[in-house]
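K.L.:
My questions will all concern the structure given below.
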Amino acid sequence: MWSDFTQNNLNKLQKIEKIHVDKDSYIIKKAKNDRNNIINLPNIKYNIKETKIPYETIEEYCNSPWVYDEVLNTLNTITNEYLIEWDNNKIYIKCTFKKFEEIKKRLNIFLKIITYIKGNNELDILIYLILTPLKKYITNDKKIDAENINSGYTHIVDNYIFIWREEEFEKVTFHELIHLFKHDHRHHNFDNFEHEAITDFKAVYYNLIYISILTRRKIVTLFNLELTFMFNQAKMINNLVNNNIKLISPADKYFILKYKIFKYYMSNPLDDINEINYIKLLDELDDFTETVHTNFYSSRMTFFELI
């Protein structure tokens, strides 16, 4: 059921002192309501067929600062290519046969979440999922860049999403859809890392609902563990920065702020998401200089993922 990362680290995470999320908190009640709404959506009528994604297209889309330059060298490990179509929406997938068999088992719920995020937006969806085996981790070369923390991007002019890593791809899809449909608050006067943190907070929220539907795990249990993992990872990044790791992007602020936004909305309604002083929020709540509880040997910020 679980991905290798989740399965191998679940016991380790459960041993960390939990950050308690009250089952009656606003965000848990909202998540339960959204979960029921998603479950009750009509099943998506989609078609699947084998296809061929032009190498030139992948090569062009890899020419981005948000793509690790080793992606093209891993394409020979993922040779199966598929097209999923529904209405006027398309998802191109390049992956292994085994991976696609797993994706098909949960495709209806995946598409329901996508439909729910889209809402009444009339923009057609075009997604490329190039599911390479590259993992997120921090190297010892004193640098954090696309290799360590990125998995994809949204082209907001040509309106397509390009995701180049299998790890966390469903959560990343939700993240990029929030950008695509302009639910990311980029129109507010926020720094880039602020609206990115808000976007990923929303993406993790939908990912936990997705996981809850598919595994029948309680929403509150998943939120407790995910928030605990976030805190641990934010401290890890903060400690690395304090040890003079060079950041190509403000990853430390992004990791920490996402955790703090998540924790803030444990007890506050989402209605004021545009009014929060996120810079001030960075300086509040928790001490990130304390020792990291556990080293997960990964720079990912989402714990729960299916096989």
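Read-outs throughout are calculated quantities, based only on the coordinates presented, and are distinct from any laboratory measurement. Computed from a prediction, not measured in an experiment: that's the story for all the values here. With ideal geometry, Cβ positions are generated from the backbone for all residues, glycine too; neighbour counts draw on all protein chains shown.
K.L.:
So which trypsin sites (Lys or Arg not before Pro) in the stretch 1-34 are both in a DSSP loop and have at most 10 other Cβ atoms within 10 Å of their Cβ?
P.N.:
Values: sites: 12, 15, 18, 23, 29, 30, 32; in loops: 15, 18, 23.
Sites meeting the loop and neighbour criteria: 15.
K.L.:
Computed FRET efficiency, Cβ-Cβ of residue 124 and residue 50, R0 25 Å: what is it to the nearest 0.05?
P.N.:
0.70
K.L.:
Follow-up question, since we're still on this one. Please report 206, 137 as a ranked list, fewest other C-beta atoms within 10 angstrom at the top and most at the bottom.
P.N.:
Working: 206 24, 137 12.
Fewest to most other Cβ atoms nearby, the residues stand as 137, 206.
K.L.:
Could you please report the charge total around residue 28, scoring K, R as +1 and D, E as -1 over all other residues with beta-carbon less than 10 angstrom from its beta-carbon?
P.N.:
With Lys, Arg at +1 and Asp, Glu at -1, the net is +3.
K.L.:
Pick out, in residue order, every one of the GluC sites (Glu not before Pro) in the stretch 15-119 that is DSSP loop and has at most 10 other C-beta atoms within 10 Å; say none if there are none.
P.N.:
Values: sites: 17, 50, 56, 59, 60, 70, 81, 85, 101, 102; in loops: 17, 70.
Those satisfying the criteria are 17.
K.L.:
Using Cβ contacts closer than 10 Å as the measure, can you line up 110, 201 from fewest to most? Walk me through the numbers before you get to the answer.
P.N.:
Values: 110 20, 201 23.
So the residues, fewest neighbours to most, are 110, 201.
K.L.:
For residue 268 and residue 85, calculate 0.36 nm times their separation in residues minus their Cα-Cα distance, and state this gained length in nm to one decimal. Walk me through the numbers on the way to the answer.
P.N.:
Numbers: separation 183, 0.36 × 183 = 65.88 nm, distance 3.83 nm.
Length gained, residue 268 through residue 85: 62.0 nm.
K.L.:
Using the Karplus curve 6.51 cos²θ - 1.76 cosθ + 1.60 with θ = phi - 60°, work out ³J(HN,Hα) for each residue of the stretch 215-230 in order, rounded to whole Hz, and write x for Gly and Pro.
P.N.:
Each residue of the stretch 215-230 in turn: 9, 6, 7, 5, 4, 5, 5, 5, 5, 4, 5, 5, 5, 5, 5, 4 Hz.
K.L.:
Next question, about the same structure. Defining a contact as two alpha carbons under 8 Å apart and six or more residues distant in sequence, what relative contact order in percent does the stretch 2-112 show? Can you show the working numbers first?
P.N.:
Numbers: 71 pairs, mean separation 28.5, N = 111.
Once normalised by length, the contact order is 26 percent.
K.L.:
If you add up the charges near residue 153, with Lys and Arg at +1 and Asp and Glu at -1, over every other residue whose beta carbon is less than 12 angstrom from its beta carbon, what do you get? Write down the numbers at each step before the final one.
P.N.:
Working: positive: 165; negative: 158, 176, 196.
Its environment carries a net charge of -2.
K.L.:
Arrange 2, 164 by Cβ neighbour counts within 10 Å, fewest through most, would you?
P.N.:
In increasing order of surrounding Cβ atoms, one gets 2, 164.
K.L.:
Shifting gears a bit: Which value, in debye to the nearest 20, describes the size of the charge dipole of the stretch 5-74 about its Cα centre when Lys and Arg Cβ atoms bear +1, Asp and Glu Cβ atoms bear -1, and nothing else is charged? Intermediate values should be presented prior to the final figure.
P.N.:
Numbers: 11 positive and 10 negative charges, 155 e Å.
In debye, rounded to 20, the stretch 5-74 gives about 740.
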